[in-house]
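What follows draws every value from the coordinates through simple rules; no lab data is involved. Bear in mind the structure is a predicted one, so any value in this text is a computation, not a measurement. So basically every Cβ, Gly included, is an ideal-geometry build from the backbone, and we count neighbours across all protein chains shown.
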Amino acid sequence: MTTPTLFWNIADLIHALKSQPQVKDWIIHHTHLHRLERYFMKEPSLQTVTQDQSPILDQDREVKSETIELKVCVKLDKASRQGEMSKQLTQHEPLAPQLESAIKAALKTDHQEWNLPDNIPHELPMVATADPAILENIHQTLNEVSDRIRFSVAQEKKSTFNSSEIFLVSEQTENYLSNGLRFRSRNTKAYVEAAFSYQTTGNQPVVSDEYLATSWSVDLEELPVESIFKSAANRVREPIEAAHIQKPKTGTYSVLIEKDIASSLLNSIVNQLNSGHDYQHLPFIKIGDDFIQGAHEGDLLTITLDPTLEFGGSSQAIDEYGVIQKPLRLVDRNHVVGSVTSKRFSDYLSKPITTSHGNVVVQPGTRSYEELITADDLVLEILQFSGIFIDGSLGTFGSEIRLAKLHDRQQGGFTWIKGGSISGSIQENFKRALFSKKCSKHAYFEPKMKPQGYFGPEHILLRDVSVVG
Amino acid sequence: MKNASLSVEMTKLRQQLPDLLGTLEAHPDWYGSIYVERKKSQTHLATLQQTQISDQFSLGAVLRIYDGYTLYEHALDQLDHTSLQKEAQLFVKKVKAHQPSTTTNQKLQKHLYQPPTWATRLQAQLDPAIASQIPNAVDAKTPVHFGISYQQDPFIFTSEQRLDQLKSILSRVQATALTSGPSAVELSYVMARESLSLEESLFIDRESNLSQTLYRISLTVIAMSGSNRSFARIGGLGGYEAITLEDSTLHELLKNLHDIKTAERLKPGRYQVLVGPVVAGVIAHEAFGHAQEGDTCARGRSKAWELYHTREKVGNEHATILNNPAVFKNGTESCAAWGSYFFDEEGWLAQSQVLLDQGVLKAPMTNFTSALRLNVPRTANGKRESWEHGVYTRQTNTYFSPGPHTLEQLMSKVQDGFLATEPAGGMEDPKGMGIQVGIQFLREIKNGQLTGRVFKGPAGGDIQLTGYVPDVLNSIVAKSKIEFNSTSPDQAQHPYNDVGGCGKYHKEFVYAGCGGTYMLLNDTILG
């Protein structure tokens, strides 16, 4: 049904596509997005901790949007080739010119031919991808989380609250494929950040710093608001109170990373198991090869791509080609045993279709956190990088160290570290890696990038990492 | 040169919007405004296996009410008159329901806002590209349109012509490879991508009715040999002339790829380094830069705010950094720089701003709320990733001021150091004043000459230039002219700013230009 303000609807679009003889296949995504955001801060005139740290509400936003994305494939006069293009359509302008331009443009492109699956699944697996509280009552949920933020700020008596943000996102997408498949997907996301600062007082030279803790998740249970605030407040204060923070000495270290960095590194390198890389002659590790060349000591990687992980960052029941997504073992004790192959690349390379999306699930090790920080004479435990940059092709990474602890097995205890940078290589530093036995989940969403999900060791000890002090 | 006009669709929409202001300003203390954004972009891509096209379209409005305490925004894409009125009324009801109680009022500081009149706006020093498009006798009701200037209309080419052009670039890369080092068979992946977008925006409040049309165009060429990668990227705001690809650019792309493949690994340490304009721009962006973003200052998260008040020096006499959204001629080119516009997304007209003056910090860049909370002058730095995202204080084109030297003169000062021209990202710690600038590779210089040796990082990846911002800014030895290969005085007004982007708090992405001139630094930590 159209309103006076809309020129057409999805049924009109499908009808128009079916009536175009050059059109071979299509995929339509029709998404409704609802997003709420609040930004809190302290009153700027209050520079230090006061009795009342009630945050003021700096900004309050609500967003409602609707998008229609069409991927259309057209027949070309060349054998085994087809044209295709992706286009965002608007219902506020007539359909015919938009569709005509999409088909005209698609006819100018040139792709190897692929086909949507003939078999349509009749039932989709139940995969938890959306928190009902966010989906069904986003306003009330925002108010509840805002109260938790205010409460968390009020609990803190030593560090100064600076700012906080909360985002809640609810997305519902109807998908229509030309092979007759129609399915709905629902996704939610939540984000919280907390920034605290701390400053010494008295006659000593003033030392001040701040710490920003951030967290993404799909559901509220995985968004530990209170501990995010506590962590930020403690991590800014403890190093300064210890009164001895130093830069690391330049050298090679064993480096202990947390789940957020582990997720980024492993999600990046797993891309080299994607058949799309094989087709495009990008770096590709094939079945039968070692995942980490020369890895023979420590904990060997066993990785599964799991799209069914409850509230995982990259969980989904079915992909955009209409293929049911299932867990796929990619690496088994460092041997590559699987490739990520979508329908498209299955047709291109004559390989079996496998799962094309999922969370990186890593088998844990056997060591506790205490065993990991004493595994070597010196272990540099990274609490926060300034911003890790990863080269997915080379498998290298680097970052300045925002905050770390240098554990000394011989002397016992640790020294606070700030500054310096690391320069690493996944292939080199995972060779003798050790994994914690405790596992936890991590989700991350970055603009213009695919969602990232992880479930695996909470800590990973990398070896032989270059550090500049 | 022509100026881009406002589309028919946006012109129609503009006519209905002023009526909404009365609805939004439902209380005498409230300030209401409306922002509308329409973006149509098209990407054409060619690789050795296929060609691809994708179109994106986005149209949305942001209704805003500022009540003296909080900025409320309601963003939507149902833009017919009936829906807009209905949503505006619901929005006002929501804001009324959120008003703080009398008790809370006593604790909070109210910052009321009166928008500037045109008489006030015109007192500012505006770039001629802006001033020339403001009608005479302008008042609150006058629709004022700013259009980017261009020579070659970028929209006249068909998709077939664009794809043919990209395929010819692939052929040029393969042909050039035969003479430039790696033989054609060693190229494992080649890609050429053209992106073109038409960006229009409207900003309306009780004192102004503004619109702008920008043409944003870029060309990226990537060549890979195994895992090693080299790329070239050109572009700007304007016409097709912004993406003229010279053979010399392709030669450099392939030479870099060849040299990266045989690069040695750098031993971490302190070195003399001659950074190119884009790397210098990344240093400026990350240094002051991010710490000079007003919302970061207002949130108590920047050391720069304290140092601005104490006037403690954070750099030497060469350390002058500007942020300027009004770079309508990019270096010696006729197109505008990537981070430019006529007004920001909160309706403030673009102007150049000195952030750091010979090592002394000036007032920060601001968006609407941070200017009010910090009680500093507003600047045109309120930007969003899109209408669906919130506004933050964001950089536009950030660069060091030029110096007096030629490149040759700077090279002659390097006894034992490196040349760094290709950046690989950057990051900052605005409170701790740590800086991190990624560099793809280094070329060794000894006694003023390139030795031919090339270095990657200690692990074979990018090199990180890190340190404490004041240390880095105090280590600047000399800077080049804008026209660094000429001994004559600079004709160009602004240094060249490269095509780039910026992510804030790891989630909000906006376009930004990074540039400057060649800059020689002593004793710099590389590893």
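Rounded to the nearest 0.05, what FRET efficiency do B:K167 and B:D416 give with R0 = 41 Å and r taken as the Cβ-Cβ distance? Could you check?
Step by step, r from the Cβ atoms, then E = 0.35.
For A:Q410, project a label point 7 Å along Cα to C-beta. Then give me every residue of the range A:368-388 with its amide nitrogen under 17 Å of that point.
Residues A:374-380 qualify, since their backbone N sits under 17 Å from the label point.
Given the Cα-Cα distance of A:K249 and A:H296 and 0.36 nm per residue of separation, how much length would full extension add, in nm?
14.0 nm
Express in nm, to one decimal, how much length is gained between A:E238 and A:D147 on full extension, taking 0.36 nm for each residue of separation and deducting their alpha carbon distance.
Extra length from A:E238 to A:D147 when fully extended: 30.1 nm.
Let me understand the range A:327-406 better: what is its radius of gyration from the alpha carbons, and its Dmax, in angstrom?
Here Rg and the maximum Cα pair distance are 18.3, 52 Å.
In whole angstrom, how far apart do the alpha carbon centroids of the range B:286-340 and the range A:150-197 sit?
The distance from the Cα centre of the range B:286-340 to that of the range A:150-197 comes to 31 Å.
Bins of 20 Å, beginning at zero and ending with the bin holding the largest distance: percent of Cα pairs per bin for chain A, please.
21, 48, 27, 4, 0
How big is the Kirkwood radius of the range B:275-374, worked out from every pair of different alpha carbons and given in Å to one decimal?
Evaluated over the range B:275-374, this radius sits at 14.4 Å.
On alpha-carbon atoms, Rg over Rh for the range A:87-175 using Kirkwood Rh?
1.22
Could you tell me how many degrees, from 0 to 90 and to the nearest 10, lie between the Cα long axis of helix A:259-270 and the main elongation axis, the longest principal axis, of the Cα atoms of chain A?
40
Normalised radius of gyration for the range A:318-469, please: alpha carbon Rg relative to 2.2 N^0.38 Å, two decimal places.
For the range A:318-469, the normalised Cα radius of gyration comes out at 1.24.
Most exposed first by the Cβ proxy, i.e. fewest other Cβ within 10 Å, how do B:T179, A:T341, B:T366 rank?
Ranked by crowding around the Cβ, least crowded first: B:T179, A:T341, B:T366.
Using just the C-alpha positions of the range B:9-60 as equal point scatterers, what log10 of I(q)/I(0) does the Debye formula give at each q in 0.25, 0.26, 0.27, 0.28 1/Å?
Taking Cα atoms of the range B:9-60 as identical point scatterers yields -0.97, -1.00, -1.02, -1.05.
Consider just the alpha-carbon atoms of the range A:344-387 and return their Rg together with their Dmax, both in angstrom.
19.5, 52
To the nearest 20 debye, what is the magnitude of the charge dipole of chain B about its Cα centre, counting +1 on the Cβ of each Lys and Arg and -1 on the Cβ of each Asp and Glu?
Approximately 820 debye in magnitude.
What fraction of the Cα pairs in the range B:474-513, stated in percent, has a spacing above 17 angstrom?
56
Using Cα pairs closer than 8 Å and at least 6 residues apart in sequence, work out the relative contact order for the range A:202-315, in percent.
For the range A:202-315, the relative contact order is 23 percent.
Can you give the convex hull volume of the alpha carbon atoms of chain B per residue, in Å³?
Cα convex hull per residue, to the nearest whole number: 155 Å³.
In whole angstrom, how far apart do the alpha carbon centroids of the range B:1-55 and the range A:267-302 sit?
So the separation of the two Cα centres works out to 44 Å.
Over the C-alpha atoms of the range B:336-420, what are the Rg and the largest Cα-to-Cα span, Dmax, in Å?
My reading of the Cα-based Rg and Dmax gives 17.4, 52 Å.
Would you work out the relative contact order for the range B:186-236, in percent, from Cα pairs under 8 angstrom that are 6 or more residues apart?
40
Using only Cα atoms, figure out Rg for the range A:165-270 and give it as a multiple of 2.2 N^0.38 Å.
Cα-based Rg divided by the globular estimate yields 1.63.
To one decimal place, what orientation-averaged projected area in nm² is obtained for the convex hull of the Cα set of the range B:68-211?
So the Cα hull casts an average projection of 17.5 nm².
Where a ≥ b ≥ c are the square roots of the eigenvalues of the C-alpha gyration tensor, would you call the range A:273-350 rounded, which needs a/c under 1.5, or, failing that, prolate if a/b is larger than b/c, or oblate?
In terms of gyration-tensor shape, oblate.
Return an integer: the convex hull volume of the alpha-carbon atoms of the range B:423-518, in Å³ per residue.
For the range B:423-518, the hull spanned by Cα atoms encloses 158 Å³ per residue.
If R₀ is 22 angstrom, what is the calculated FRET efficiency for the pair B:K93 and B:Q16, using the beta carbon separation as r and rounding to 0.05?
0.60
What average count of beta carbons from other chains do you get within 10 Å of the Cβ of residues in B:210-221?
That average works out to 0.
Between A:K286 and B:A124, what is the label-to-label distance in nm when each label sits 7 Å out along the Cα-to-Cβ direction?
Modelled inter-label distance: 6.0 nm.
Can you put B:R38, A:R237 in order, fewest other beta carbons within 10 Å first?
Least crowded to most crowded, the residues run A:R237, B:R38.
According to a simple spin-label model (label point 7 Å from Cα along Cα-to-Cβ), what is the distance in nm between B:Q491 and B:K110?
Between B:K110 and B:Q491, the label points sit 5.8 nm apart.
Neighbour counts of other C-beta atoms within 10 Å: give me A:V72, A:V340, B:V360 arranged from fewest to most.
B:V360, A:V340, A:V72
Given 4 °C and 1.567 mPa s, how large is the Stokes-Einstein diffusion coefficient of the protein assembly as shown in µm²/s, with Rh as the Kirkwood radius over Cα pairs?
Approximately 44 µm²/s, per Stokes-Einstein.
Before anything else, pin down the relative contact order of the range A:262-366: Cα pairs under 8 Å, at least 6 apart, normalised by residue count, whole percent.
The value is 32 percent.
Which value at 222 nm does chain B reach when only helices count, each DSSP H run of 4 or more adding -39,500 (n - 2.57), with the total divided by all residues and rounded to the nearest 500 deg cm²/dmol?
Computed ellipticity for chain B at 222 nm equals -7000 deg cm²/dmol.
Kirkwood hydrodynamic radius, computed over distinct alpha-carbon pairs, for the range B:190-299: how many Å, to one decimal?
18.1
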